[in-house]
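The block underneath contains the structure these notes are about, expressed in structure tokens.
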Amino acid sequence: MKIGILAFIAEYTAEPGPVARKCEQLGFDSLFIPEHPIIPVHHVTPYPASRDGVIPEVYSHMPDPFMALALAAAATSKIKLGTGICLVPERNPLLLAKEVATLDHYSGGRFIFGIGAGWLKDESEIMGVDFRRRWPMTREYVRAMKQLWTRPEPSFEGKFVKFPPVRSYPKPAQKPHPPILIGAGGIGAGGERAMKNTVAIGDGWGPLMLSPAELAEQLQTLRKLCAEAGRDFGKIEISVFAPAGGKDTHAAAREYERAGAHRLVLFPPSLAPDKWESELEDIARAWM
């Protein structure tokens with residue numbers, strides 16, 4: 001079982017380079033950095049992970065994930081580096097393809113492209129996204145980016161993005177491109193949609209806070225969807241994102257592995273400047 005870290009970096013926490021270096025020294029498989037370019041001061045959409053719907057303050061302080069991961073790449077040599085997740089429809093796909101390819105090239109092929117379409121409707125609309133069509137936009141953007149990553153003179157003609165033959169280098173170090181992790185879904189309609197998107201455009205699925213039993217049940221659906229689409233279920237990497245708390249953590253990791261997870265991505269508590277190293281050390285002892 002691979003163990004990764006989802007780091008809620010902010011300007012008042014430990015910095016990306018030292019955090020990445022420490023994670024690599026401790027033997028973590030990967031470091032993921034999330035994205036929210038803006039948080040509306042007044043929002044109607046409630047935060048789904050809290051009872052009162054209030055969005056945590058750190059969400060307003062997230063750095064650009066590609067800049068943060070570039071700093072992490074410069075400080076390390078082996079650890080995988082991922083977006084957890086990149087809000088694809090809020091970005092220009094030609095520029096995003098360039099950022100992905102550049103980071104993968106200069107990190108030596110260590111990038112994992114975790115993607116989503118956004119849950120915060122208020123943010124999406126401010127960023128110019130038609131929230132109802134965010135996933136059709138995302139699927140098309142990814143298909144366009146795959147052309148940019150793999151062809152010498154790509155062009156694309158779609159509903160949301162169109163461009164004539166262009167040249168775009170560098171190409172990613174990983175071939176044909178960095179793995180695309182659909183970082184969305186759980187139980188219900190959202191989970192099934194995420195799995196369908198994984199089958200359509202992804203190389204992996206990254207559900208949030210599923211129990212081992214829930215994961216095993218959901219993966220039966222994913223296996224069925226793969227069979228219907230002619231995809232090899234065995235080639236899809238499953239990365240479960242979950243808090244780092246709990247008592248019998250080693251047993252929990254084994255349960256997730258038996259359920260079908262290949263990687264657990266854990267959330268450290270704070271990454272505060274005075275205790276981030278001990279937080280990561282505690283997680284390493286508990287889970288690895």
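The rows are residues; the columns are (1) at pLDDT 95 or above; (2) touching a strand residue (DSSP E or B) at 6+ places or on another chain (Cβ under 6 Å); (3) of a type in the set (D, E, K, R); (4) under 26 Å from TRP205 (Cβ atoms).
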site	(1), (2), (3), (4)
ILE55	yes, no, no, yes
PHE66	yes, no, no, yes
LEU69	yes, yes, no, yes
SER77	yes, no, no, no
Being free of Cβ contacts under 8 Å to residues at least 40 places away in the same chain, over 16 Å from the mean Cα position of the chain (by Cα) and surrounded by fewer than 16 Cβ atoms within 10 Å (Cβ to Cβ) is true for just one of ASP52, ASP64. Which residue is that?
ASP52
For the list (1) in a helix (DSSP H, G or I); (2) surrounded by fewer than 23 Cβ atoms within 10 Å (Cβ to Cβ); (3) touching a helix residue (DSSP H, G or I) at 6+ places or on another chain (Cβ under 7 Å), I need the number of the one condition that ALA20 fails.
(2)
Of those in the range 112-154 that are crowded, with 20+ Cβ neighbours inside 10 Å and of a type in the set (Asp, Glu), the residue farthest from GLN174 (Cα to Cα) is GLU123
Quick one: in the range 223-259, which of the residues that are among the aliphatic types (A, V, I, L, M), within 22 Å of LYS80 (Cβ to Cβ) and assigned to a helix (DSSP H, G or I) is modelled with the highest pLDDT?
ALA259
Could you please tell me which pairs satisfy a Cβ distance under 8 Å, a separation of 6+ or placement on different chains, a first residue in the range 206-218 that is over 18 Å from ILE182 (Cα atoms), and a second residue that is modelled with pLDDT under 95?
PRO212/ALA252
Inter-residue pairs, beta-carbon under 7 Å, first crowded, with 18+ Cβ neighbours inside 10 Å and in the range 265-280, second among the basic types (Lys, Arg), 6+ apart:
LEU280/LYS22
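Conditions (1) farther than 23 Å from GLY108 by Cα; (2) buried (at least 18 other Cβ atoms within 10 Å of the Cβ), marked per residue:
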| position | (1), (2) |
| --- | --- |
| GLU157 | yes, no |
| PRO165 | yes, no |
| PRO176 | no, no |
| ILE182 | no, yes |
| GLY191 | yes, yes |
| LYS224 | yes, no |
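The values are calculated or read from the model by the stated rules, or taken from the named source; none is laboratory data. Because the structure is a prediction, the values reported are computed rather than measured. Glycine gets a Cβ as well: all are built from the backbone with ideal geometry, and neighbour counts include every protein chain shown.
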